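*Asks:* Okay, handing you the structure first.
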Amino acid sequence: MRKPLDSAKLTIAIENVHRAGMPGVFAEVREGDEVWSGAAGVADLATGRPVTADMRHRVGSITKTFTAAAVLQLVEDGRIGLDAPIGRYLPKLVPGTRGDAITVRMLINHTSGFAEYLPYVYPSLKAFPALAETTPQSLEDHRHTRFDTIELIENGVAAPAFSAPGETPGLYSNTNYLLLGRLLEHVTGTTAEKCITQNVIERAGLRDTEFPDGPRFDGPQSQIYEAWFGMYEPPRDFSVFDMSYVGPSASLISTVSDLNRFFGQLFAGEIVSPSSLAEMRRTVRVVSQESKIIDYGLGLYPMETPAGTFWGHGGTVWGGGALAMTSADGKRRMAVAVNMQRWNRFDSTGTPQPHPINDALAALYDAAMCG
């Protein structure tokens, strides 16, 4: 059973995340019209500038929910077939029998079988998604690289397939969502970023959410720090980084308040229709980037809590992360952002070791979603 918001408990929980080793963390939790927001720690390790709950932040793969919503709007308009083959729309990018067998739905729920292109963009990620054996040098080398989306897609499509089209478990792969971005461009005649901005971001009235057009963005923000499993000691500042390597898959800038507003409207049927939302909540088994099996829908995944099932998405970039979840009725919403990533170190077998930050974040999520 979900309990009312407990501001004192939430304040203690968010402070404990900082005490556990996270430089800065900020969050917003909503229950109907009741709102709690809080922050703990620093936005800049060099100056001690504090984090605040209104900061703009790179939210990573939460972008996928926005992209999926834009595609489903066009499905509702009859301009895209959810179960139509992607080869009907993008025959040059996905030619032949694969183009005939892989549907739009398979791209959205990661059952296309397409590999992840990141190992080809960042050669040191040779063990992706098992990152333990990698070094972070490629991240440094490509801070300001402007990647070509078509080349990224071609790398993912040309790589050995993870599985046959539609087979489960599928593989969580950014290749799928770059293809969805090209699908949006093909159907609308404008860029995927502009389509998503006009039809999803502006429709939801989000004032602080946008796609970046370079390695920096405007507004109040925290520095973000990459630990890379202890290989960066101390963690290195990755605040300035060109996000063209993920585009409509994971490059959005937003705030915790905007994320809560978006997911609230999504589950109220104001972004896509109730029938499309039902499709978004139809899950299949997928191998995540952490090599775990998860349930994944159309740009959404569930999180089971003592207070019931919550739905949403998480996201990471080099140095930053966020998680946004909402109850099935859309009334209880949580959005949390952190300014450090990959804090866990690995043992000799490549297994991530427990860290107090994980437990502290779990306690914050519990306090936010369940009371």
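The values are calculated or read from the model by the stated rules, or taken from the named source; none is laboratory data. Here the structure is a predicted model, which means the values were calculated and not measured. Positions of Cβ are generated from backbone atoms using ideal geometry, with glycine treated the same way; all protein chains shown enter the neighbour counts.
*Asks:* What tally of residues in segment 224-234 results from selecting those that are of a type outside the set (A, V, I, L, M, F, W, C), part of a loop (DSSP other than H, G, I, E, B) and surrounded by 23 or more Cβ atoms within 10 Å (Cβ to Cβ)?
*Replies:* Filtering segment 224-234 for residues of a type outside the set (A, V, I, L, M, F, W, C) gives 225-226, 230, 232-234.
Those left that are additionally part of a loop (DSSP other than H, G, I, E, B): 232-234.
Going one step further and asking which of them are surrounded by 23 or more Cβ atoms within 10 Å (Cβ to Cβ), we end up with none.
The total comes to 0.
*Asks:* Quick one: in segment 178-198, of everything that is more than 17 Å from residue 150 (Cα to Cα) and either surrounded by 17 or more Cβ atoms within 10 Å (Cβ to Cβ) or touching a residue at least 24 places away in the same chain (Cβ under 8 Å) (or both), which residue is farthest from the chain's Cα centre (by Cα)? Talk me through it step by step, then tell me what you get.
*Replies:* Just the residues of segment 178-198 that are more than 17 Å from residue 150 (Cα to Cα), to begin with: 188, 194-198.
From the residues that got through so far, the ones that are either surrounded by 17 or more Cβ atoms within 10 Å (Cβ to Cβ) or touching a residue at least 24 places away in the same chain (Cβ under 8 Å) (or both) too are 188, 195-197.
Working: 188: 24, 195: 18, 196: 15, 197: 17 Å.
Residue satisfying both the conditions and the ranking: 188.
*Asks:* Going residue by residue through segment 329-345, is there one that turns out to be charged (D, E, K, R), in a loop (DSSP other than H, G, I, E, B), more than 20 Å from the chain's Cα centre (by Cα) and closer than 30 Å to residue 272 by Cβ? Give the derivation first.
*Replies:* If we filter segment 329-345 for residues that are charged (D, E, K, R), which is where we start, we get 329, 331-333, 342, 345.
Narrowing the set further to residues that are in a loop (DSSP other than H, G, I, E, B) leaves 329, 331, 342, 345.
Among the residues that remain, those that are also more than 20 Å from the chain's Cα centre (by Cα) are: 329, 331, 345.
In the following step, the residues that additionally are closer than 30 Å to residue 272 by Cβ were identified as 329, 331.
Checked segment 329-345: at least one residue is charged (D, E, K, R), in a loop (DSSP other than H, G, I, E, B), more than 20 Å from the chain's Cα centre (by Cα) and closer than 30 Å to residue 272 by Cβ.
*Asks:* Still on this structure: Among the listed residues 105, 2, which satisfies the condition of being at pLDDT below 95 and surrounded by 15 or more Cβ atoms within 10 Å (Cβ to Cβ)? Even if it seems obvious, please write down each step before you answer.
*Replies:* Details: 105 fails: at pLDDT below 95.
Of 105, 2, the one residue that is at pLDDT below 95 and surrounded by 15 or more Cβ atoms within 10 Å (Cβ to Cβ) is 2.
*Asks:* Sticking with this one: Out of all the residues in segment 17-33, is one or more under 23 Å from the mean Cα position of the chain (by Cα) and in a helix (DSSP H, G or I)?
*Replies:* Yes: one or more hits.
*Asks:* Moving on to the next point. Answer yes or no as to whether residue 46 is hydrophobic (A, V, I, L, M, F, W, C), under 19 Å from residue 258 (Cα atoms) and assigned to a loop (DSSP other than H, G, I, E, B). It would help to see each step written out before you state the result.
*Replies:* Values: hydrophobic (A, V, I, L, M, F, W, C): yes; under 19 Å from residue 258 (Cα atoms): no; assigned to a loop (DSSP other than H, G, I, E, B): yes.
No.
Matching residues to (1) among the β-branched types (Val, Ile, Thr); (2) touching a His at 6+ places or on another chain (Cβ under 8 Å); (3) under 23 Å from residue 336 (Cα atoms):
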site: 193; (1), (2), (3): no, no, no
site: 198; (1), (2), (3): no, no, no
site: 204; (1), (2), (3): no, no, yes
site: 215; (1), (2), (3): no, yes, yes
site: 220; (1), (2), (3): no, no, yes
site: 226; (1), (2), (3): no, no, yes
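*Asks:* While we're looking at this one, here's another question. Under the condition of being part of a loop (DSSP other than H, G, I, E, B) and among the hydroxyl-bearing types (Ser, Thr, Tyr), which residue from segment 242-294 is farthest from the chain's Cα centre (by Cα)?
*Replies:* Of the residues in segment 242-294, the ones part of a loop (DSSP other than H, G, I, E, B) are 242, 246, 250-252, 255, 268-273, 281-283, 288-292.
Now narrow it down to the ones that are among the hydroxyl-bearing types (Ser, Thr, Tyr): 251, 255, 273, 283, 288, 291.
Working: 251: 9, 255: 13, 273: 22, 283: 17, 288: 12, 291: 16 Å.
So the residue we want is 273.
*Asks:* May I ask you to say which residue of 251, 273 is touching a helix residue (DSSP H, G or I) at 6+ places or on another chain (Cβ under 6 Å), of a type in the set (S, T, N, Q) and surrounded by fewer than 16 Cβ atoms within 10 Å (Cβ to Cβ)? Don't jump to the end; show me each part of the working.
*Replies:* Values: 251 fails: surrounded by fewer than 16 Cβ atoms within 10 Å (Cβ to Cβ).
After ruling out the rest, the residue left standing is 273.
*Asks:* What number of residues in segment 304-317 are modelled with pLDDT of 95 or more, of a type outside the set (A, V, I, L, M) and touching a helix residue (DSSP H, G or I) at 6+ places or on another chain (Cβ under 7 Å)?
*Replies:* Qualifying residue count, segment 304-317: 6.
*Asks:* Any residue in segment 228-244 that is of a type in the set (A, V, I, L, M) sitting within a Cβ distance under 9 Å of a residue that is surrounded by 19 or more Cβ atoms within 10 Å (Cβ to Cβ) and assigned to a loop (DSSP other than H, G, I, E, B)? List the pairs, counting only those 6 or more apart or interchain.
*Replies:* Final answer for the pair search is 231/134; 231/136; 231/342; 243/211; 243/250; 243/251; 243/252; 243/317.
*Asks:* Restricting to segment 81-103, name every residue that is under 16 Å from residue 170 (Cβ atoms), out of contact with any strand residue (DSSP E or B) (no Cβ under 8 Å at 6 or more places or on another chain) and among the aliphatic types (A, V, I, L, M).
*Replies:* Residue satisfying the conditions is 94 alone.
*Asks:* So which residues in segment 314-357 are of a type outside the set (Ser, Thr, Tyr), crowded, with 24+ Cβ neighbours inside 10 Å and within 12 Å of residue 263 (Cα to Cα)?
*Replies:* Correct list: 323, 324, 325, 332, 333, 334, 335.
*Asks:* Checking residue 139 against (1) hydrophobic (A, V, I, L, M, F, W, C); (2) within 24 Å of residue 252 (Cα to Cα); (3) crowded, with 20+ Cβ neighbours inside 10 Å; (4) at pLDDT 95 or above, which single condition isn't satisfied?
*Replies:* Condition not satisfied by residue 139: (4).
*Asks:* Could you list all residues from segment 134-173 that are in contact with a strand residue (DSSP E or B) (Cβ under 7 Å, 6 or more places away or on another chain) and polar (S, T, N, Q)?
*Replies:* Of everything in segment 134-173, those that are in contact with a strand residue (DSSP E or B) (Cβ under 7 Å, 6 or more places away or on another chain) and polar (S, T, N, Q) turn out to be 163, 168.
*Asks:* Just checking: which of the helices (runs of 4 or more DSSP H) contained wholly in segment 60-174 hold 1 or more residues that are over 26 Å from residue 271 (Cα atoms) and touching a Gly at 6+ places or on another chain (Cβ under 7 Å)? Outline the logic, then answer.
*Replies:* Numbers: elements: 63-76, 96-101, 104-108, 118-121, 137-141, 149-158.
By residue number, 96-101, 149-158.
*Asks:* What number of residues in segment 44-80 are under 23 Å from residue 279 (Cα atoms), loosely packed, with under 15 Cβ neighbours inside 10 Å and either free of Cβ contacts under 8 Å to residues at least 24 places away in the same chain or in contact with a strand residue (DSSP E or B) (Cβ under 8 Å, 6 or more places away or on another chain) (or both)?
*Replies:* The number of residues fulfilling the criteria is 2.
*Asks:* Here's another thing I want to ask about it. Only one of (1) buried (at least 19 other Cβ atoms within 10 Å of the Cβ); (2) closer than 19 Å to residue 66 by Cα is not met by residue 302, so which one is it?
*Replies:* Here residue 302 meets the rest and fails (1).
*Asks:* Okay, moving on. Please tell me if residue 240 is under 21 Å from residue 54 (Cα atoms) and in contact with a Pro (Cβ under 9 Å, 6 or more places away or on another chain).
*Replies:* Against the criterion (under 21 Å from residue 54 (Cα atoms) and in contact with a Pro (Cβ under 9 Å, 6 or more places away or on another chain)), residue 240 qualifies.
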